Amino acid sequence: METLKKYHQDINITPELMQRIQELVSHYPEGKQKSALLPVLHELQDAHDNWLSVELQNKAAEILNITPIEVYEVVTFYTMFNQKPVGKYMLEFCVTSCCAINKAEDVMDYTCEKLGVKPGQVTADGLFSVVGVQCLGACGYAPMLQLGDFYHEHLTKEKVDQLINDCKEDKITLHDK
Amino acid sequence: MGQKILFEKIHIPGIKTYDVYRENGGYASVEKALKMNPDDITEEVKTSGLRGRGGAGFPVGLKWSFIDKKSGNPRHLVCNADESEPGTFKDRYLMEYIPHLLIEGMITSSFALGANLSYIYIRGEYMWVFKTLERAIKEAYAAGWLGKNIKGSGYDLDLHVHCGGGAYICGEETALIESLEGKRGNPRIKPPFPAVKGLWQNPTVVNNVESIATVPWIILNSGEDYSKIGLGRSTGTKLFSVSGHVKKPGVYEIEMGMTVDEFMNSDEYCGGMIDDRPLKGLIPGGSSVPILPKHLIFKTANGEDRLMTYESLSDGGFATGSSLGSGGFIVYNDTACIVRNTWNFSRFYHHESCGQCSPCREGTGWMEKILWRIENGQGTEEDIDLLWSIQAKIEGNTICPLGDAAAWPVAAAIRHFRDEFEYHVRFPEKIKNRDHFVNEPFEKVKHLLQNTTV
């Protein structure tokens with residue numbers, strides 16, 4: 001298997017990233033390193049523009065000494081792993097019941113219109129993508145979105161405007177490292 | 001003011017940090033437990049009557065007593081922090097604001113079970129909470145509460161936090177174990193139960209965050225003290241995650257036994273309906289449990305007060321009752337469309353079905369499609385019966401309860417709100433806009449149903 005030619009990902013496993021991966025692997029007994037797969041995929045994805053090319057998945061298999069298919073079957077099962085490029089800032093709106101009755105769909109439509117994308121698409125500059133996702137466990141603070149490691153709750157159109165500006169001005173921390 | 005067990009200290013400034021937590025009596029249950037016989041700890045938990053807080057309500061002490069201690073295989077305690085049931089966000093609140101309470105509970109409980117390697121499995125979306133727990137665990141290691149020979153007791157425990165990848169099904173305990181082994185979250189066929197063959201085929205207990213966080217209080221006081229709180233077999237306090245059309249959504253800890261009326265309408269809790277609009281329906285225990293129509297919320301079918309207990313919320317079975325479930329308390333006012341909301345839930349279950357069992361894999365998709373058809377004015381009268389027939393064929397025919405969880409909300413919606421489905425079928429032009437009942441609540445237009453025939 002290989003990634004579609006139109007997508008390209010530069011793979012860079014820095015010593016810091018490798019050290020973090022080794023730390024995660026150390027949480028499981030000898031011979032059970034496969035257990036570290038999900039946490040390791042999160043780390044690899046975070047360090048590679050939030051997506052996992054086939055080549056990066058193969059790298060994960062190599063690091064954990066498991067077969068590539070064991071990685072592919074996991075990547076395709078879980079929602080959080082992206083198999084093609086997404087925006088640097090991926091705005092994930094919860095659209096399940098409690099958010100839906102609090103106007104989540106309106107706020108998401110507004111965001112799509114503002115950015116000129118449909119759900120699932122990436123803006124031409126590669127900065128943003130918008131997706132609707134299933135319940136994120138913020139039902140009492142609806143509507144909400146997830147951006148990187150963090151939640152943004154009690155959303156309004158004004159808050160979305162502010163967030164998009166902050167992203168453009170590079171004021172947003174995506175990951176809590 | 002009811003008694004607080006889990007939230008007793010949550011508002012102390014700095015309680016997230018080890019030092020403040022310890023200064024306020026944190027880890028005392030570990031000190032006490034390490035001097036006890038592990039089986040006596042299990043007995044205390046049995047006496048407390050504590051029931052699993054993830055949704056199933058199975059007695060925690062009894063579950064612990066099933067763990068295979070004879071085989072000599074390594075044992076594990078796994079905390080289920082994969083909180084994903086729509087309407088539920090209580091575990092996140094606990095872990096975010098008082099992470100050491102869960103860690104303390106994990107140590108005390110692991111000691112009772114004789115586990116030397118335990119995990120907290122947290123959903124991947126709660127990534128900032130994952131990091132919070134990672135740091136708190138490091139603090140606990142540094143202070144000598146984890147690692148080798150804890151506080152000179154001779155007991156060793158390693159505890160780690162593990163993040164998922166976004167899959168509701170991993171809240172089912174055997175799917176969670178599969179996921180923790182680095183695989184797809186496909187539930188296992190039981191038996192064998194995890195207590196005999198769980199993580200890496202070792203005896204394993206899987207407990208919800210809230211259940212484990214309750215253990216320190218039980219050990220420090222006693223199982224008997226705990227059993228005196230609450231009502232009947234619904235002992236202790238329970239966290240409710242409140243969302244939807246109320247004035248004060250959020251997470252509340254209550255002593256079980258309060259009336260639903262008081263919980264929903266008192267200023268101390270939900271504070272009544274937002275904008276004082278009329279109440280339409282209530283889901284008391286997360287999206288999987290049946291929705292209750294207005295006339296069955298405050299009173300049971302027998303005319304008794306509906307209480308916040310396992311027994312009272314399920315009084316009347318699924319015909320006129322519901323279930324306490326995970327405590328995901330979702331309130332709907334007259335602007336909510338039950339058809340749209342049911343479609344929304346079916347979409348959720350379709351998305352989250354692992355695909356192993358045909359009734360669930362196919363049935364959830366069919367239900368979503370039919371509901372979408374009805375919601376968009378393209379449904380027929382027969383579609384309502386078709387929906388009923390599909391949900392009945394999913395229920396009870398799958399390896400894990402996700403199939404049931406997908407079927408129940410559909411069944412309850414048709415059972416209690418059939419006229420809304422009929423309205424969608426008969427008046428497609430009135431429901432074109434997705435906000436149809438926001439603009440014109442169903443109560444105001446339902447009289448139209450009497451004037452027409454199909």
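The values are calculated or read from the model by the stated rules, or taken from the named source; none is laboratory data. If you're wondering where the values come from, they're calculated on a predicted model, not measured in any experiment. Glycine also receives a Cβ, built like all others from the backbone with ideal geometry; neighbour counts cover every protein chain displayed. Just so you know, the surface numbers come from the protein's heavy atoms only, side chains and all, with ligands and any DNA or RNA stripped out. Shrake-Rupley method; radii C 1.70, N 1.55, O 1.52, S 1.80 Å.
Please verify whether B:SER243 is among the small types (Gly, Ala, Ser) and under 20 Å from B:GLY327 (Cβ atoms), treating the condition exactly as stated.
So B:SER243 passes the test.
Which number in (1) within 8 Å of chain B (Cβ to nearest Cβ); (2) free of Cβ contacts under 8 Å to residues at least 40 places away in the same chain; (3) open to solvent by 10 Å² or more (accessible area, probe 1.4 Å); (4) among the hydrophobic types (A, V, I, L, M, F, W, C) marks the one condition that A:ALA142 misses?
(2)
Which of the residues that make up region B:319-331 are under 18 Å from the mean Cα position of the chain (by Cα) and more than 9 Å from chain A (Cβ to nearest Cβ)? Break it down stepwise before answering.
In the first step, residues of region B:319-331 are kept if they are under 18 Å from the mean Cα position of the chain (by Cα); the result is B:321-331.
B:GLY321, B:SER322, B:SER323, B:LEU324, B:GLY325, B:SER326, B:GLY327, B:PHE329, B:VAL331 - these are the residues of region B:319-331 that are under 18 Å from the mean Cα position of the chain (by Cα) and more than 9 Å from chain A (Cβ to nearest Cβ).
Can you work out which of the residues in region B:148-164 that are surrounded by 14 or more Cβ atoms within 10 Å (Cβ to Cβ) and within 14 Å of chain A (Cβ to nearest Cβ) is nearest to A:VAL74 (Cα to Cα)?
B:GLY164
Looking at (1) outside the structural domain of B:ILE41 (by TED's automatic domain parsing); (2) part of a loop (DSSP other than H, G, I, E, B); (3) not β-branched (Val, Ile, Thr), can you tell me which one B:LYS238 breaks?
Of (1) outside the structural domain of B:ILE41 (by TED's automatic domain parsing); (2) part of a loop (DSSP other than H, G, I, E, B); (3) not β-branched (Val, Ile, Thr), only one is false for B:LYS238: (2).
Take A:LEU127 and decide whether it is open to solvent by less than 30 Å² (accessible area, probe 1.4 Å) and either within 10 Å of chain B (Cβ to nearest Cβ) or at negative phi (or both).
No.
Which residues, taken from region B:227-252, are more than 14 Å from every other protein chain (Cβ to nearest Cβ) and of a type in the set (D, E, K, R)?
Hits for region B:227-252 are B:LYS228, B:ARG233, B:LYS238.
Which ones in region B:1-50 are open to solvent by less than 30 Å² (accessible area, probe 1.4 Å) and touching a strand residue (DSSP E or B) at 6+ places or on another chain (Cβ under 8 Å)?
Result: B:GLY2, B:ILE5, B:LEU6, B:PHE7, B:SER48, B:GLY49, B:LEU50.
Return the residue satisfying two criteria in turn: it lies in region B:416-430 and is under 34 Å from the mean Cα position of the chain (by Cα) and surrounded by fewer than 16 Cβ atoms within 10 Å (Cβ to Cβ), and of such residues it is nearest to B:MET367 (Cα to Cα).
This residue is B:ARG418.
Any chance you could count how many residues in region B:381-425 are closer than 25 Å to B:GLU85 by Cβ and either charged (D, E, K, R) or in the same structural domain as B:LEU296 (by TED's automatic domain parsing) (or both)?
5
Is at least one residue of region B:431-445 out of contact with any Cys (no Cβ under 9 Å at 6 or more places or on another chain), surrounded by fewer than 16 Cβ atoms within 10 Å (Cβ to Cβ) and among the aliphatic types (A, V, I, L, M)?
Yes, region B:431-445 contains a residue that is out of contact with any Cys (no Cβ under 9 Å at 6 or more places or on another chain), surrounded by fewer than 16 Cβ atoms within 10 Å (Cβ to Cβ) and among the aliphatic types (A, V, I, L, M).
Quick check on region A:75-101: of everything there that is more than 21 Å from A:LEU115 (Cα to Cα) and either in contact with a His (Cβ under 9 Å, 6 or more places away or on another chain) or open to solvent by 40 Å² or more (accessible area, probe 1.4 Å) (or both), which residue is farthest from the other protein chains (Cβ to nearest Cβ)?
So, considering only residues that are more than 21 Å from A:LEU115 (Cα to Cα) and either in contact with a His (Cβ under 9 Å, 6 or more places away or on another chain) or open to solvent by 40 Å² or more (accessible area, probe 1.4 Å) (or both), the one farthest from the other protein chains (Cβ to nearest Cβ) is A:GLN83.
Quick one: B:ASN397 ticks every box in (1) more than 27 Å from B:GLY55 (Cβ to Cβ); (2) surrounded by fewer than 18 Cβ atoms within 10 Å (Cβ to Cβ); (3) touching a residue at least 24 places away in the same chain (Cβ under 8 Å) bar one, so which box is it?
So B:ASN397 meets the others, but not (1).
Check whether at least one residue in region B:204-226 is in a helix (DSSP H, G or I), open to solvent by 10 Å² or more (accessible area, probe 1.4 Å) and of a type in the set (Ser, Thr, Tyr), and report yes or no.
no
Is at least one residue of region B:112-133 more than 14 Å from chain A (Cβ to nearest Cβ) and aliphatic (A, V, I, L, M)?
yes
Considering every residue within region A:57-74, establish whether at least one is open to solvent by 50 Å² or more (accessible area, probe 1.4 Å), closer than 30 Å to B:GLY285 by Cα, modelled with pLDDT of 95 or more and facing chain B (nearest Cβ under 9 Å).
no
Working only within region B:352-390, note down all residues that are touching a residue at least 40 places away in the same chain (Cβ under 8 Å), assigned to a helix (DSSP H, G or I), under 29 Å from the mean Cα position of the chain (by Cα) and within 25 Å of A:VAL133 (Cβ to Cβ).
Hits for region B:352-390 are B:GLU352, B:CYS360, B:GLY363, B:THR364, B:MET367, B:GLU375.
List pairs: first residue in region B:332-343 and at the interface with chain A (Cβ under 9 Å from one of its Cβ atoms), second residue acidic (Asp, Glu) and not in a loop (DSSP other than H, G, I, E, B) anywhere in the structure, Cβ distance under 7 angstrom, at least six positions apart or on different chains.
Listed by first residue and then by second, the contacts come to B:ARG340/B:GLU375.
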